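Scroll down for the structure; my scribbles are underneath it.
Derivation of every value follows stated rules applied to the coordinates shown; laboratory data play no part. Remember, it's a predicted structure, so these values are computed and weren't measured experimentally. Virtual Cβ from ideal backbone geometry, glycine too; neighbours counted across all protein chains shown.
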Amino acid sequence: MKKSKKIPEKIELCECLNELLSLELSLGNTVSHFNNNAGWPHPNTHFVMLINDLSIRLENLTFSQNISHQICRDPHYDWHDKCE
């Protein structure tokens, strides 16, 4: 069964991160987990985890100045790129 590359309708993101997620999915990345009420690391946080690391260059995004990007090297987490 082929996974959909569309954003699952239940994921609620700001316009800045929605652009990032849409482009990643169009390049073949897929969502592995999401939580619209994660509440971490900030209240009202939405959490989305992709299968693969980011492949697009954030500076090419319309809202790149509004996105904070960090690389997580902590082996206790299951992610590499962190965007807020």
Subject >> Length gained when the stretch I67-H46 is fully extended (0.36 nm per residue, less Cα-Cα span) >> reply: 6.1 nm
Original post:
Any idea what the alpha-carbon Rg over 2.2 N^0.38 Å comes to for region 14-56?
Top reply: 1.18
Subject >> Cut-off 13 Å between beta-carbons: net charge of the residues surrounding K82, Lys and Arg +1, Asp and Glu -1 >> reply: -4
**OP:** Determine ³J(HN,Hα), in whole Hz, for all residues of region 64-70 in sequence, where each value follows from phi through the Karplus function 6.51 cos²θ - 1.76 cosθ + 1.60 and θ = phi - 60°; x replaces Gly and Pro.
**Re:** 4, 5, 9, 10, 8, 10, 9
**OP:** Quick one: compute the contact order of the chain, relative version, from alpha carbon pairs under 8 angstrom and 6+ residues apart, as a percent.
**Re:** 25
Original post:
From the phi of every residue in region 17-29, what ³J(HN,Hα) in whole Hz does the Karplus formula 6.51 cos²θ - 1.76 cosθ + 1.60 yield, where θ is phi - 60° and glycine or proline is x?
Top reply: 6, 5, 4, 4, 5, 4, 5, 4, 5, 5, 8, x, 5
**OP:** Calculate for the chain the 222 nm mean residue ellipticity that helices alone would give, adding -39,500 (n - 2.57) per DSSP H run of length 4 or more and normalising by residue count, nearest 500 deg cm²/dmol.
**Re:** -4500 deg cm²/dmol
Subject >> Principal axes of region 37-84: Cα extent on each, largest first, Å >> reply: 28, 25, 16
**OP:** Would you mind checking which residues have amide H under 5 Å from L50's amide H? H placed 1.01 Å from N; only 5 or more apart, or other chain.
**Re:** S32
Original post:
Quick one: Kirkwood hydrodynamic radius for the chain, alpha-carbon pairs, angstrom, one decimal?
Top reply: 13.5
